[in-house]
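Scroll down for the structure; my scribbles are underneath it.
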Amino acid sequence: MNADHPRGIGDNVSLARRAYNIRRKALRMGEVQGQGYIGQALGVADVLAASYFHTMSYRSDDPEWEGRDRFLLSIGHYAIALYAVLMEAGILPEDELETYGMDDSRMPMSGMASYTPGMEITGGSLGQGLGIAVGMAMGLKRKASDAFVYNLMSDGELDEGSTWEAAMAGAHHGLDNLVCLVDFNNQQADGRSTEMSALEPLPEKWQAFGWHCQRVDGNDLDAVTAAFDAARALKEPRPRCIVFDTKMCKGVPFLEARDKNHFVRVEADEWEKALAELDERAPA
Amino acid sequence: MTANSMARKYEPRQVLRRADGQKLTTSAMIASLEAEGYESVRAPFGNALVDLAKTNDKVVGITADLSKYTDLHVFAEAMPDRFYQMGMAEQVMLSAAAGLAREGFMPFATTYAVFASRRAYDFIAMAIAEENLPVRIVCALPGLTTGYGPSHQATEDLAIFRGLPNMTIVDPCDADDVMGMVPALAAHDGPTYSRLPRGNVPKVLTKHKPDYRFELGKAQTIREGRDVLVISTGFMTMRALDAAVKLEAENVDVGVLHVPTIKPLDVETIAAEAAKGGRLVVTAENHTVVGGLGEAVAAALLTRGIAPTFRMIGLPDEFLEAGALPTLHDMYGISVDKVAERIKAWL
């Protein structure tokens, strides 16, 4: 691992605590706006904690440092989750948290590269991140860089044909510096992702496309970090995919029970309750 | 001309021949746009790109199964380690071009104009243009340069890309323009979309104006004329120049202002030329009359209070027919004869 890895700022902080901190920041941003893709943020928090505090190299005070691992948020609407982890990682100042989604904020509702330090691409038009990641991985190889590209996408993006164009291209070009992270919460705008298109059997699809693919419980930090380690350590000239089965609203039980919706509605008087339920379960 | 229709497909046909007995065969997609009376240059884009890449190590080539038909194969053969084949997949081809640009490279990305403008538009808009990345999109078969029908005829690409912020758009006329355009694009910041004449490409502009040199963003007078000013882009400048020679014999003096850069438009030069005393102003483009050069010029002139007699030559707002290019160019009024006829009729 690179000496510039920022884990030094948090070696005494457990990943579980990082994930809790990410969830808490996301909930506070949701409270500020009275809305947000909070279900996704709570669900993916463990994957983000493992990405930023176990796996990736980066410099908090130099988000464009050439040697960094690249993290692409293909799912622009997960911005609330990425802002939370960027604050936790010291890339965004936490004292701007309450500007989330406000006019002139550096944290718009959908993630954009031109607004936010640490936001590598403008996501949101779903199905674009993996293709950009393919190009960046090719570019890094041209530069003989040992940095990795991580592309976080949703299960809904698996519906997009461009995802599979990128999958074939990534395999064709032997991109062993590319890791695709699929947040499989089985929820997209019109309903269950598995009821929208024939996604399964998913790991077998990626494997058939020439990728190394693992599938783990995305809310089990030990399983998540082990998958990240295996993806990075693999000595095969092909790209890697990790499918994370996650639970929408993870960590806030009364919202978990509400996970039937892509856009989880939280009433004005419920944010305090959500924070309280999260805090009750705060790890050390 | 008879518009194609579902009913017409049940009408029996026979072989049509030109007056000289030649059969009217469809021009292949790989056809060059050679023209009578001009010498031609083979693959000016591919060769100019190789020359550029020798001095600029950031340049890479990327395509979606169309290197041969965009002249990028010349680059691929000369510099195979700087060439990326993405398969027949325009969306990932242009997304990956964005990714390469993010990592500091300057990708020249090629496909057909229809596929870039229609299939990959969202990827160009969000991954490239919104991020203002230096991707050079270079597309063959612009406008009506194939007889294969609407699947391959990019008649509305300029309109599509004109609406896209940050995008610089070039519609080169000939080999002189293409060879001048390649280094000019490399020196430019931000994304670009260029149409591409490929194969054996005529040298037109320097024949009419020996000191002509392509300049990005500049309209240039190629020929002076007292009666008519044609403001043209792409190969329609060749048509305008040839029509001007034809009309000269009929004592009609036609000037030609060549506008290879569609966006940003050189409105200062266009307005100054159009304001020069009492000439009929005609725009000419190898593109639908909706949203292309003609409308852009009209808006530029009107907002400056310049109101000459104004006509537009371009393709109709229709899906065009399949067939032989000379037939189609006559049918849609963009052959030399038709351009000359129409100008004369408007005087």
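The values are calculated or read from the model by the stated rules, or taken from the named source; none is laboratory data. Values in this document were obtained by computation on a predicted structure and should not be read as measured data. No Cβ is skipped: glycine too gets one built from the backbone with ideal geometry, and neighbour counts run over all protein chains shown.
List of remarks:
- Residues of segment A:181-226 that are without any contact (Cβ under 8 Å) to a residue 60 or more places away in the chain and of a type in the set (S, T, N, Q): A:N186, A:S193, A:T194, A:S197, A:Q207, A:Q214.
- Meets criteria (modelled with pLDDT of 95 or more, part of a helix (DSSP H, G or I) and charged (D, E, K, R)) for A:E165: yes
- Matching residues in segment A:158-175 - criterion: being touching a Leu at 6+ places or on another chain (Cβ under 7 Å) and surrounded by fewer than 22 Cβ atoms within 10 Å (Cβ to Cβ): A:E160
- Those strands (runs of 3 or more DSSP E) of segment B:155-242 in which 3 or more residues are in contact (Cβ under 8 Å) with a residue 12 or more places away in the chain and surrounded by fewer than 24 Cβ atoms within 10 Å (Cβ to Cβ) occupy B:220-223.
- Residue list for segment B:321-347, filter: outside any helix (DSSP H, G or I), of a type in the set (A, V, I, L, M) and surrounded by fewer than 20 Cβ atoms within 10 Å (Cβ to Cβ): B:A322, B:A324, B:L347
- Residue that is nearest to the other protein chains (Cβ to nearest Cβ) [pool: residues in segment B:136-154 that are more than 17 Å from B:P197 (Cα to Cα) and touching a Phe, Trp or Tyr at 6+ places or on another chain (Cβ under 9 Å)]: B:P150
- Residue that is farthest from the other protein chains (Cβ to nearest Cβ), among those in segment A:168-188 that are part of a strand (DSSP E or B) and farther than 23 Å from B:T63 by Cβ: A:F184
- Every residue from segment A:147-184 that is within 21 Å of B:F83 (Cα to Cα) and among the acidic types (D, E): A:E165, A:D176
- Number of residues in segment B:1-50 that are within 29 Å of B:D174 (Cβ to Cβ), modelled with pLDDT of 85 or more and of a type in the set (D, E): the value is 1.
- Check on B:A53, under 16 Å from B:V182 (Cβ atoms), assigned to a helix (DSSP H, G or I) and more than 8 Å from chain A (Cβ to nearest Cβ): yes
- With respect to the stated conditions, A:I121 is within 11 Å of another protein chain (Cβ to nearest Cβ), farther than 14 Å from A:G170 by Cα and either assigned to a helix (DSSP H, G or I) or in contact with a Lys or Arg (Cβ under 8 Å, 6 or more places away or on another chain) (or both).
- Residue, nearest to B:V182 (Cα to Cα), within segment B:195-224, restricted to residues that are hydroxyl-bearing (S, T, Y) and in contact with a Ser or Thr (Cβ under 9 Å, 6 or more places away or on another chain): B:Y212
- Residue within segment A:219-242 that is buried (at least 19 other Cβ atoms within 10 Å of the Cβ), β-branched (V, I, T) and touching a Lys or Arg at 6+ places or on another chain (Cβ under 8 Å) present: yes
- Verdict on B:G323 being within 28 Å of B:G37 (Cβ to Cβ), modelled with pLDDT of 95 or more and over 17 Å from the mean Cα position of the chain (by Cα): no
- For the residues A:E195, A:E165, A:E157, the requirement of being within 14 Å of chain B (Cβ to nearest Cβ) and either over 16 Å from the mean Cα position of the chain (by Cα) or β-branched (V, I, T) (or both) singles out A:E165.
- Long-range neighbours under 7 Å by Cβ, at least six apart or interchain, first residue without any contact (Cβ under 8 Å) to a residue 24 or more places away in the chain within segment B:70-89, second in a loop (DSSP other than H, G, I, E, B) and surrounded by 23 or more Cβ atoms within 10 Å (Cβ to Cβ): B:G87/B:A64
- Pairs where the first residue, in segment B:116-135, is at the interface with chain A (Cβ under 10 Å from one of its Cβ atoms) and the second is surrounded by fewer than 20 Cβ atoms within 10 Å (Cβ to Cβ) and of a type in the set (D, E), C-beta under 6 Å, 6+ apart: none
- Inter-residue pairs, beta-carbon under 6 Å, first facing chain B (nearest Cβ under 7 Å) and farther than 17 Å from B:E130 by Cα and in segment A:124-144, second among the polar types (S, T, N, Q) and surrounded by fewer than 24 Cβ atoms within 10 Å (Cβ to Cβ), 6+ apart: A:L140/A:N177
- Among residues of segment A:1-48 being among the β-branched types (V, I, T) and modelled with pLDDT under 95, the one that is surrounded by the most Cβ atoms within 10 Å (Cβ to Cβ) is A:I38.
- Count - residues of segment B:69-105 that are surrounded by fewer than 22 Cβ atoms within 10 Å (Cβ to Cβ), assigned to a loop (DSSP other than H, G, I, E, B) and either away from every other protein chain (no Cβ under 14 Å) or modelled with pLDDT under 95 (or both): 0
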